[in-house]
Amino acid sequence: MFILSLAKSKTEIMKIIKLSILLVLAAVLQLSAQTAKVTPSSFNATDKITITFDLTGTVLENVSPIYLWAWAPQNGDCPTNGQWSASNEANRMTRADSTKPIWTISFVPSKFYGFDAGKFIQIGCLAKAKDGGGSPEKKTKDFVFEVNPVKYTPSILRTFPFKFADDDVMTLVYTKTLDTAKASLTKDLTDAPYLVVEYQLKDSSATKSLFPYADDYSTHPELQLKSGAAGTYQLTTILNKLVPLKPGEQIAKVNLKIRNADGTKSYPNGPGNALTKILITR
């Protein structure tokens, strides 16, 4: 009788051990099933990135919609997170596959997180239900991605940020103290120069000019740069406010240069020479 009872006890113990192992394996498999990737894989805080979550096999597999909960480990939480029990709609992600629980969201880190681009080292995020509470919580594990430092290379003509869309605030900076080449036509400018804008619309190859180059640009004071610090001239603007666009039109490319009022001096000099920027389009 004792032997039979002992055998039953051993059988029950083995069942408990097996069940425990299965529960642990299930938890491990759920964690390993959670995947997130960022595109491009190498980026800095001024680049537009896309984060993609594959929620197959997780507690979020059949949940919709899905929200991003974000933070920067060195800086703090993303201001648009909302509350854990009620995520902000600004962080709502887009389902990328009708048959699989794959969700994406795209943004520029410095704008999305609201921190200075030079302060980013990492960004952190997870995917969650609108209300992330419960047991277990309706969320993924944490994911952390490395952020490349923003590199600054002094140049005669540059924009900040380096990449931008036509509805972003953009600053053009002309550093006169670097414009010292013997052949330069602008190195001896005595008045603040003017911005020249050529642009192409999204899905178009035609190049248009904001104003004809033959114009007297003193009649376009909104294009005149302002004197800044350390031998610079600057103009801050929003391109889609500067360029007359029809509803639905987006600027995809711009050619920027500076000139004096009558057009006899310009940088870069010569037809076709300009600072060309490919814009972020949405």
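Here, each number is a calculation from the coordinates, and none is a lab measurement. Nothing here was measured: the structure is a model prediction, and the numbers come from that model. Cβ placement follows ideal geometry from the backbone for every residue including glycine, while neighbour counts extend to all protein chains displayed.
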Original post:
If we count other beta carbons within 10 Å of each Cβ, what is the order of Trp71, Trp84, fewest first?
Top reply: Trp84, Trp71
Subject >> Assigned charges on the beta-carbon of Lys, Arg, Asp, Glu; the chain dipole about Cα centre (debye) >> reply: 820
Original post:
Regarding the range 32-146, what are the three Cα extents along the principal axes, ordered largest first, in Å?
Top reply: 38, 27, 24
**OP:** Would you mind ranking Ile280, Ile51 by Cβ crowding within 10 Å, fewest neighbours first?
**Re:** Ile280, Ile51
Subject >> Contour minus Cα-Cα distance for Thr236 and Lys37 (0.36 nm per residue) >> reply: 68.2 nm
**OP:** Would you list, by chain and number, the aspartates and glutamates whose Cα falls below 15 Å from the Cα of Lys226, excluding same-chain residues fewer than 8 positions away?
**Re:** Asp191
Original post:
Could you give the length gained on full extension between Phe162 and Thr94, defined as 0.36 nm per residue of separation minus the Cα-Cα distance, in nm?
Top reply: 21.8 nm
Original post:
At 222 nm, what helix-only mean residue ellipticity would the chain give, in deg cm²/dmol to the nearest 500, using -39500 (n - 2.57) for each DSSP H run of four or more?
Top reply: -4500 deg cm²/dmol
**OP:** Calculate the dipole size of the range 32-146 relative to its Cα centre from +1 charges on Lys and Arg beta carbons and -1 charges on Asp and Glu beta carbons; express the result in debye to the nearest 20.
**Re:** 140
**OP:** Could you calculate the FRET efficiency of Thr276 with Phe211 from 1/(1 + (r/R0)^6), where r is the beta carbon distance between them and R0 is 25 Å, rounded to 0.05?
**Re:** 0.85
Original post:
Which angle from 0 to 90°, rounded to the nearest 10, does the C-alpha axis of helix 2-33 make with the longest principal axis of the chain?
Top reply: 10
Subject >> Dimensions in Å of the chain - Rg and Dmax from alpha carbons >> reply: 27.9, 111
Subject >> Which of Arg158, Arg95 has the fewest Cβ neighbours within 10 Å, and the rest in rising order >> reply: Arg95, Arg158
**OP:** Please express the Cα-Cα pair-distance distribution P(r) of the range 157-278 as a list of whole percents, one per 10 Å bin, running from 0 to the bin with the greatest distance.
**Re:** 13, 47, 34, 7, 0
Subject >> Positive-pole candidate from Ser110, Ser98, Ser42, dipole of the chain, charges at beta carbon >> reply: Ser98
**OP:** Order the peptides 195-206, 103-114 from the highest to the lowest mean number of other Cβ atoms within 10 Å of their residues.
**Re:** 103-114, 195-206
Original post:
What percent does the relative contact order of the chain come to when contacts are Cα pairs within less than 8 Å and at least six residues apart?
Top reply: 15
